[in-house]
There are 2 protein chains.
Amino acid sequence: MIRPDQTSQFAAETAVRRQAEHLWMGELHAGWRIGAVPNGGYVLAVAGRALREALPHRDPLTVNAFYLAPTVLGPVECRVELLRAGRNTTHAVAGLYQEGELKVQVTAAYTDLEQQQGPTWSATARPVYPGWDECAPSGDSKLEFRQRVDVRLVGGTEVFHGGAPSGRGEFRGWVRHADGAEPDVISLLMFADAFPPPVFDVVGLVNWVPTVELTVQVRAHPAPGPLQARLFSRHLTQGVIEEDGEYWDSEGRLVAISRQTAKVRLPRP
Amino acid sequence: MIRPDQTSQFAAETAVRRQAEHLWMGELHAGWRIGAVPNGGYVLAVAGRALREALPHRDPLTVNAFYLAPTVLGPVECRVELLRAGRNTTHAVAGLYQEGELKVQVTAAYTDLEQQQGPTWSATARPVYPGWDECAPSGDSKLEFRQRVDVRLVGGTEVFHGGAPSGRGEFRGWVRHADGAEPDVISLLMFADAFPPPVFDVVGLVNWVPTVELTVQVRAHPAPGPLQARLFSRHLTQGVIEEDGEYWDSEGRLVAISRQTAKVRLPRP
């Protein structure tokens, strides 16, 4: 666990500094890559930090990202364009550039989550399964990303050990910063892309499942502790699939949902 | 039914014309409003038409819209910004302006859907229920929007006739252009916002469920005939809810999925 006087790895490695009126500089660090490419959720969190610094509202309500080109380690420019500043919500675009090339286009609505008012309801209860402490770190332990994020899955992991996929298209489990830092709203943008692609549970391991587009809807500030997570797919169509995520904090409250569009590239036979 | 030599209402009322290099003009027509405000899916379809005209790829793959301010009837400027043109995909932004004010910010990936290749799978089968011909037009027949879109629901409609909501948070049924025109990929952007909000099936009728943000993922060109549709919500959190849609064509193929974030505004007690 990190001490309260330490900066967490996540906070340090998503930090941005203001360089000009609408320009924020960040850096993509080693530790977060899936293969050669920084994880899309991690990259989105850097944009989320820049928006949090730049906008009058501090909390992401809904954040959408289109991934135009793979990012690389090193400096990243975040050009923030304010679209509309309202009383309850601010809308903005954040363009992530590396060496002048637009890599990720982010559009967001920021708000003050503490001020949200209205009814609360869920169609189904939070799934009940073995807790964080009862699960072992899982997935592909050779992934660099596992240096920063502790992923613990409940079942469905046979496919990582030479077994057959279950065919359900779903992973359930827990996520936490590997250094023990507590989750915040910006880290939810990263955790939304932390689980293995559910298509692994359908067709088996696939080398490359690039994200086309990812939307994270944040519902509340997470309480300290590991996040409970469920990532599932329902429809794969000629290589295009959606991945839907649900995230609950340690007090059992839903704190975010996510959906991404990804492409499934099978090796040529 | 319209004759083959007629222009459909949808085609005529989402038409755009090029005014300058990156500027397309459209007009929001009467017939599509929910209360005083043009339906968000209809407005998105106008942007979708402009992108289809402007980009080298013609089919929406995934389209995201943030609704910043309510639109009104009349002219709408669509400013198209090309983000990246690749071999398989073109990314672009379309900003919809009325009287100089940005109303809707659209980001999109366009492709050629006929060229998609890869595996196809669904976690669950398409729901089976009474067909288009066996269902009556349903929902709030006094809505202007019903002049353009024939919505037929299967069950869950008691709430529109003074009954109690079922609590499931789901509407199932069918949609078709009211003039009998066949669906195309652009109309899927509109049909993705055509069903009543599933929250009606949870808390009862609510006057105002404004869309914050809507993403439509198009999977295939629809075959002629009514579209089968399912719109459901799973999590309402302090007045913020998601609405997930699934759309199948008359041949039973999944042609689109959608997700929107909406706000539920209950009347003050």
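We did not get these values from a lab; they are worked out from the coordinates using the rules stated. Every value quoted in this text rests on a predicted model; they were computed, and no experiment measured them. Don't worry about glycine lacking a Cβ; one is built from the backbone with ideal geometry, like all the others, and counts go over all protein chains shown.
With respect to chain A, whose longest principal axis is taken over its alpha-carbon atoms, helix A:40-54 is tilted by about 20°. Listing B:Ser141, B:Ser258 from fewest to most neighbouring C-beta atoms within 10 Å gives B:Ser141, B:Ser258.
FRET efficiency for the pair A:Glu99 and A:Gln147, taken as 1/(1 + (r/R0)^6) with r the Cβ-Cβ distance and R0 = 30 Å, rounds to 0.70.
Annotation: peptides B:119-130, A:175-186, ranked by per-residue average of other Cβ atoms within 10 Å with the highest first, follow the order A:175-186, B:119-130.
With the largest listed first and rounded to whole Å, the semi-axes of the equivalent ellipsoid of the stretch A:145-269 from the Cα gyration tensor are 25, 16, 12.
Here the Karplus relation 6.51 cos²θ - 1.76 cosθ + 1.60, evaluated at θ = phi - 60°, turns the backbone of the stretch A:157-166 into coupling constants of 8, 4, 5, 7, 10, x, x, 8, x, 6 Hz, with x for every Gly and Pro. When the Cα positions of B:Pro137, B:Ala92, B:Val203 are compared along the charge dipole of chain B, B:Val203 comes out farthest toward the positive end, with charges on each C-beta of Lys, Arg, Asp and Glu.
The sum of -39500 (n - 2.57) across all DSSP H runs of n ≥ 4, divided by the residue count of the protein assembly as shown, sets its helix-only mean residue ellipticity at 222 nm to -3000 deg cm²/dmol. Note on the stretch A:189-226 and the stretch B:162-198: Cα centroid distance 29 Å, given to the nearest whole angstrom. Please list, by residue number, every one of the trypsin sites (Lys or Arg not before Pro) in the stretch A:106-159 that is coil in DSSP and has at most 10 other beta-carbon atoms within 10 Å. Loop-located and lightly packed - A:Lys142. Computed from label points 7 Å out along Cα-Cβ, the spacing between A:Arg265 and A:Trp208 is 0.1 nm. Counting other Cβ atoms within 10 Å of each Cβ, which trypsin sites (Lys or Arg not before Pro) in the stretch A:1-107 have at most 15 and sit in a DSSP loop? Counting only loop positions with at most 15 other Cβ atoms within 10 Å, the trypsin sites (Lys or Arg not before Pro) in the stretch A:1-107 are A:Arg87. Annotation for the stretch A:53-132: GluC sites (Glu not before Pro) lying in DSSP loop with at most 16 further Cβ atoms inside 10 Å of their Cβ are A:Glu99. Using R0 = 22 Å, the C-beta based FRET efficiency linking A:Arg168 and A:Ala125 works out to 0.75. Its residue count N sets the reference 2.2 N^0.38 Å, and the alpha-carbon radius of gyration of the protein assembly as shown equals 0.93 times that reference. So if I average 1/r over every pair of distinct C-alpha atoms in the stretch B:1-90 and take the inverse, what Kirkwood radius in Å does that give? After inverting the mean inverse Cα-Cα distance, the result is 14.3 Å. When only the Cβ of Lys, Arg, Asp and Glu is charged (+1, +1, -1, -1), the dipole of the protein assembly as shown relative to its Cα centre reaches about 40 debye. Note on chain B: the C-alpha convex hull projects to 15.1 nm² when averaged across all orientations.
Evaluating 6.51 cos²θ - 1.76 cosθ + 1.60 at θ = phi - 60° for every residue in the stretch A:143-154, the Karplus couplings come out as 5, 4, 3, 5, 5, 10, 10, 8, 9, 10, 9, 10 Hz, glycine and proline recorded as x. With a cut-off of 20 Å on the backbone N, the residues of the stretch A:66-97 near the modelled label site 7 Å out from A:Glu21 along Cα-Cβ are A:77-86, A:91-97.
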